Structures are given as structure tokens and as C-alpha cells.
Amino acid sequence: MEVARPVRGRAKETDRLKGQHRASVRSDHTCVALLIAKGAQQYEVMEHLGHTNIQTTINTYGHLFPNVRERIRVALEDTWDEGHRSAG
């Protein structure tokens, strides 16, 4: 006859695994934040994490990416200003 493990033991094991999962998620989040800070693009992050589609990456880490509209606006303004300086 097999004796079942005490419920308390299983609960402790589950808590330990949950703690490991939380630490792993924090580690992934930190890694992605550092990659983005160094200029990694969404697709590069997706590949690094092994996601099979970009939507998973954007849904999970999209808030870490800088505002694309602002970056585009600044790039266009800089290009416009450079064009006017070299023409004048």
C-alpha cells in the first residue's frame, strides 16, 4: 500500500516552485529591460526569448519599449533640421 505524502509537504514544494518561477520571471524581465535599454528591437527580443510570435513579446514586454511615435517624430525633426542647415 502506497502512503501519500503529507499535504503540507506538497504545499511547501508548490510554494518553492512558485518562488522559483517568480524569480525566473523577474530575471527575464530584467534581461529584456537591459536589452531594450541597449537598443534591442522587438523582433530581436522575441528571438532571444524564443517566442514564436511577436504578439507574445509585445503583450508581455511592450511597456518596456520606448515610445515609437516619439522616436519617429524626433528622427523626422532631426532630418528636417539637417536638410535645412545644409541647404542654407
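All of the numbers you see were taken from the coordinates with simple rules; none came from a lab. Every value quoted in this text rests on a predicted model; they were computed, and no experiment measured them. Cβ: placed from backbone, ideal geometry, glycine included. Neighbour counts: every protein chain shown.
With the simple model of a label 7 Å out from the Cα in the direction of the Cβ, residue 28 to residue 68 spans 2.2 nm.
Using the 10 angstrom Cβ neighbour count as an exposure proxy, how do 81, 28 rank, fewest first? Let's see the in-between values first.
Details: 81 10, 28 14.
Least to most surrounded, the residues fall as 81, 28.
3J(HN,Hα) couplings calculated from phi for the range 59-67 with the Karplus curve 6.51 cos²θ - 1.76 cosθ + 1.60 (θ = phi - 60°) are, in sequence order, 4, 8, 10, x, 5, 7, 6, x, 4 Hz; Gly and Pro show x. Return the FRET efficiency for the residue pair residue 41, residue 84: r is the Cβ-Cβ distance, R0 is 35 Å, and the value is rounded to the nearest 0.05. Approximately 0.75, to the nearest 0.05.
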